[in-house]
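Asks: One structure follows; several queries about it will come next.
Bear in mind that the values in this text are calculations on the coordinates, not laboratory data. None of the values given here were measured: they were computed from a predicted structure. Don't worry about glycine lacking a Cβ; one is built from the backbone with ideal geometry, like all the others, and counts go over all protein chains shown.
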C-alpha cells in the first residue's frame, strides 16, 4: 500500500500546482533552484534529472545548458503544468514523468549525469532508499545536488517538529551532515555543502565515484 505521507503530498501539491510559480514563495524558490543548478556546473553533454520538479521551472532553466532535461514528480497537477509551460516555451529536449520516489525510479542505471532536488527531500518517506536510487541512476562521475532547509538551524529545527505534527506530507528536514553521511554510504564521493539565509538552507553536493 502507498505510504500515507505520499498520498498527502500528492494532494498538497496538486492543490498548489495552479499557483506554484505565481505565489509569494515563487521568487525564493526560483533563487534556490538557480543556485542548485549552478552548483552542478552543467554543460551541453549533460542529461539532467530534477527529482520533485514541481511545475518544471528548474528543468526549463537548465534545458538550454544540457543535452536533455527530465522532471519527475508525484503530482499529476504539477506534471500537467510543467508540460504546458515547456510547450509554450518550445523546449524540445525536456520530458516530465509522473511517479513516486518511494520505490525504484523508472530510469535505467546511469541514465543521468546531473541530478538536482530542491526543497522536496523533506517529503520523501524513504530517504535512504531514494539516495540509493540516485546512486543507481546517476552515471559514474556524475553530480548530485540536494538542497533543502538545514535542520541544524534552531528555527528550522522548531519548524521541523511543528511540521512533523501538523503537515501529513512532511517526513523531516535533515542536516547537511546527515545527507553527506548517507550519500557517502551510497557510494558518492567528493561530498561538500554550503549554506545560505543565515545557515537556514543548505546545498549538499556529491559526485558518483568514477567506474
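Asks: Between 69, 38, 82, where does the largest GNM mean-square fluctuation fall for the chain, given springs only between Cα atoms within less than 10 Å?
Replies: Checking each option, the largest mean-square fluctuation is seen for 38.
Asks: Right, something else. Subtract the Cα-Cα distance of residue 92 and residue 209 from 0.36 nm times their separation in residues, and report this length gain in nm to one decimal.
Replies: Result for the pair: 39.0 nm of gain on full extension.
Asks: Report the calculated FRET efficiency for residue 24 and residue 104 (r = Cβ-Cβ distance, R0 = 25 Å), to the nearest 0.05.
Replies: Efficiency, from the Cβ-Cβ distance: 0.10.
Asks: Please compute the length gained on full extension between residue 2 and residue 159, using 0.36 nm multiplied by the number of residues separating them and subtracting their Cα-Cα distance.
Replies: Difference between extended and current length: 53.9 nm.
Asks: Given (i) 31, 20, 18; (ii) 23, 22, 17; (iii) 28, 21, 16, which label gives semi-axes √(5λ) of the Cα gyration tensor in Å as computed from the coordinates?
Replies: (ii)
Asks: When the helix-only estimate is applied to the chain (DSSP H runs of n ≥ 4, each -39,500 (n - 2.57), divided by the residue count), what is the mean residue ellipticity at 222 nm, nearest 500 deg cm²/dmol?
Replies: Calculated from helices alone, the mean residue ellipticity at 222 nm is -12000 deg cm²/dmol.
Asks: While we're on this one: Rounded to the nearest 0.05, what FRET efficiency do residue 181 and residue 45 give with R0 = 30 Å and r taken as the Cβ-Cβ distance? Could you check?
Replies: 0.50
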